[in-house]
Structures are given as C-alpha cells and as structure tokens.
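Just below is one structure, and these are the notes that go with it.
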Amino acid sequence: MNIKSFAIIAGVLALAACGDNTPNPDMLKGANFVAAGEGADITLSFDANEMRVNGQVVNLYNGSYEADGGNIKFSPFASTMMMGPMDAMQTEQDYFQFMTTVETYDLSDGRLTLRNADGKEIVFQQVESVESETAEETETVESVPADAVAIPVAAEPAADAK
C-alpha cells in the first residue's frame, strides 16, 4: 500500500469517527427535565420504554411523541383540570400550545432545548428524578439544580355531593 492510499483511508476513518451531531432519540428515554416557568415550573419526563411523556405545570399531563434524529413531534397532552394561580395557569396554557408546535430538539450538557418553526424555544435542565404522586399530594423533585426548582401544587378538596 502506498502512502497516498494510506492517507486517503486514514482521512475517511477520521471523518467517520467524528460522526455528526444529530441528537439520538434514545437519550431521551427515561430522562427527566425541569424548566422555569412564570408562576410554576414545568416538569417533563420521558418514559423509559414507550414514546410517552408526562409531567406537571399546575396540572399533571401526559402524551406521546415521535423522535427521529433532531426532529421531534408531541401529541396534544391530556391533563388533569385543577385550578391554580393565574400566572401559573397561563404558563401551563402557553406550554401546552407550544408543545404541539415543537419540531426540533437538542440535548447536550444536561440541557434539552425544544424549538418550533418560528424559532421559539424552551430550555429544560435535566434532573435525576421527578416524582409525581397522586393529584391530592404534592410533587417532589430530587437533585434539582439551583436554577430549576419545581413548585409543589396542592389539590383542592372535593365538594360534598347532596
């Protein structure tokens, strides 16, 4: 093998080793995130086995998603229907509307950035775990960075039926 052939092969192997920076959808599986919202923080957890998400703003929510490379699409979310402070309710409404428009994502350095076609984005910080208990209890977030703290939301008592 001459030097020219060796240089070409080495160059091709070096380029192949670099790879592209396309996000890997498998990195989302089982991951948990928190984003600061106005009036309430937003939690987002990806199921480890299915293409499903769940989380909480004021209400608990869940839905499905599809991801391929750097593209991602979320279904409209189903959610509980508790009331909360007006600014938190507005954050939740804006978040639910935004998520149906998300087209791309980037996951690097513990940050998940979701973007729509208009360039609007939301940035989440990855956390170890987000535990949502029953709707009558509060949310617990463990190992949350200082700039991403979830706010517990207490359920309202049920009205007595007559």
The rounded separation in angstrom of the Cα centers of the range 59-74 and the range 83-128 is 11
Sequence order, the range 56-63: Karplus ³J(HN,Hα) from phi using 6.51 cos²θ - 1.76 cosθ + 1.60, θ = phi - 60°, Hz rounded, Gly and Pro as x, gives 8, 10, 8, 9, 6, 9, 7, x
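Compute the signed sum of charges (Lys and Arg +1, Asp and Glu -1) over the other residues within less than 11 Å, Cβ to Cβ, of Arg115. Intermediate results must be reported in sequence, preceding the final value.
Numbers: positive: Lys120; negative: Glu103, Asp106, Asp118, Glu121.
Local net charge: -3.
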Lys and Arg at +1, Asp and Glu at -1: neighbours of Ala67 with Cβ under 13 Å from its Cβ sum to -4
With label points set 7 Å from each Cα along the Cα-to-Cβ direction at Asp87 and Glu66, the distance between them in nm comes to 3.8
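Values in this text are rule-based calculations from the coordinates and carry no lab data. What you see is a predicted model, and the numbers here were worked out from it, not measured in a lab. Positions of Cβ are generated from backbone atoms using ideal geometry, with glycine treated the same way; all protein chains shown enter the neighbour counts.
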